[in-house]
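Asker: My questions will all concern the structure given below.
Only the coordinates and a few stated rules stand behind these numbers; no lab work does. Quick caveat: nothing in here was measured; it's all calculated off a predicted structure. We place every Cβ from the backbone using ideal geometry, glycine too, and count neighbours over all the protein chains shown.
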Amino acid sequence: MQALLVEDDYVSSAALFTARKYALAGHLRRHNGATFIHHPRELAVLLSKLPHNREMLAAAWLTRSMQDDYANSDEVEMCFGQKVADMVSAMRSFNLPDSGAPETLAQTNFPAIQASPALLQTMALADMFVLAQTVTEFEYGMLPGFSQWLAQHLPLLPQASSALIQMVERWLVNQPASPVALHQVS
């Protein structure tokens, strides 16, 4: 998080805004009791490795706090501007999963993601890829179903960053029961 806080005051403000919202809500990860700020941080870190702008990184920090109802779009707009508020609202409308549970995955709004521009498809896929790491670490029993779900839906995001798509494809090849892994073996 330090590198992202030093990079830009604007991004730093989004990180601190989210950390404050999570602390006030007492939000902890159900898997290990750590603060849930891990997901927004990892999303911002991942996006910082791809072509990005400061609004994208700010939105990465802010999306989960709005999705979890710790912040609202008016508050985000007032603090970070209309562009970021629109990005965060769009990400919220995607109903991105926060676990590898099949019922949570099924609620993802892929038509909205597909209709979105490249930047938002990249952010949505990055969010799913960060979740993949969480599922791998904390919900390992759900990993085969999650990797199949991700492999099935990856073609629906053709405008996402090609570098990110390649990262996800490499990850999928190494997952148990992944259709991509099975395809590579045959």
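Asker: I want to check the label-to-label distance for Met78 and Gln159. Put each point 7 Å from Cα in the C-beta direction and report it in nm to one decimal.
Answerer: Each label point is offset 7 Å from its Cα along the Cβ direction, giving 3.2 nm.
Asker: Another one. Could you tell me how many cubic angstrom of Cα convex hull volume region 63-135 has per residue?
Answerer: Hull volume normalised by residue count: 86 Å³.
Asker: Now for a separate question. Translational D (Stokes-Einstein, µm²/s) of region 33-186 at 20 °C and 1.002 mPa s when Rh comes from the Kirkwood sum over C-alpha pairs?
Answerer: Answer, rounded: 136 µm²/s.
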